[in-house]
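Please read the structure below before turning to the comments.
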Amino acid sequence: MAATVTEAFDTIRAGYTACIVDAQAAGEVEADADAEALGTYFCAVTEGMGTIGRVGTSRAALLQVGIASLAALPITPLGAEHLGTADGPWD
């Protein structure tokens, strides 16, 4: 069981890390940011959100955790421009 969990965690972390590396290449995230550490961080955040979500934490609270976690990402001015959604910017 532990090996399966480790493999799943590593797969998710690799996906986050790849996204951060892509954002660095696009100039959206600072080039000197530690993509591997940030990938691990975001994996931990989402896993934690899943855990607290299963015990009844509100959607609003989970959204706030997700938005707050973005503060750890060293976003460039270009990246900040790209954070908007069809409904408007994150803030």
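The values are calculated or read from the model by the stated rules, or taken from the named source; none is laboratory data. A quick note: this is a predicted structure, and the numbers were derived from the prediction, not measured. Ideal geometry is used to build each Cβ from the backbone, glycine not excepted, and the neighbour counts take in all protein chains shown. For the accessible areas, the whole protein counts, side chains as well, though only heavy atoms, and no ligand, DNA or RNA atoms are used. Shrake-Rupley method; radii C 1.70, N 1.55, O 1.52, S 1.80 Å.
Report the residue count in region 8-30 for those that are within 21 Å of PRO77 (Cα to Cα), among the charged types (D, E, K, R) and modelled with pLDDT under 95.
2
Going by what's in this entry, would LEU38 be described as assigned to a helix (DSSP H, G or I), modelled with pLDDT under 90, closer than 26 Å to ALA8 by Cβ and open to solvent by less than 80 Å² (accessible area, probe 1.4 Å)?
Against the criterion (assigned to a helix (DSSP H, G or I), modelled with pLDDT under 90, closer than 26 Å to ALA8 by Cβ and open to solvent by less than 80 Å² (accessible area, probe 1.4 Å)), LEU38 does not qualify.
Give me the pairs, please: first residue somewhere in region 20-36 and under 16 Å from LEU70 (Cβ atoms) and touching a residue at least 12 places away in the same chain (Cβ under 8 Å), second residue anywhere and not in a loop (DSSP other than H, G, I, E, B) and not aliphatic (A, V, I, L, M), beta-carbon distance under 7 Å, and either six or more positions apart or on two chains.
From residues that are under 16 Å from LEU70 (Cβ atoms) and touching a residue at least 12 places away in the same chain (Cβ under 8 Å), the pairs are ILE20/GLY39; ALA23/GLY79; GLU28/GLY79; VAL29/GLY79; ALA33/GLN24; ALA35/THR17; ALA35/GLN24.
Between ALA44, ALA33, which is in contact with a Pro (Cβ under 6 Å, 6 or more places away or on another chain) and either at pLDDT below 95 or open to solvent by less than 70 Å² (accessible area, probe 1.4 Å) (or both)?
ALA33
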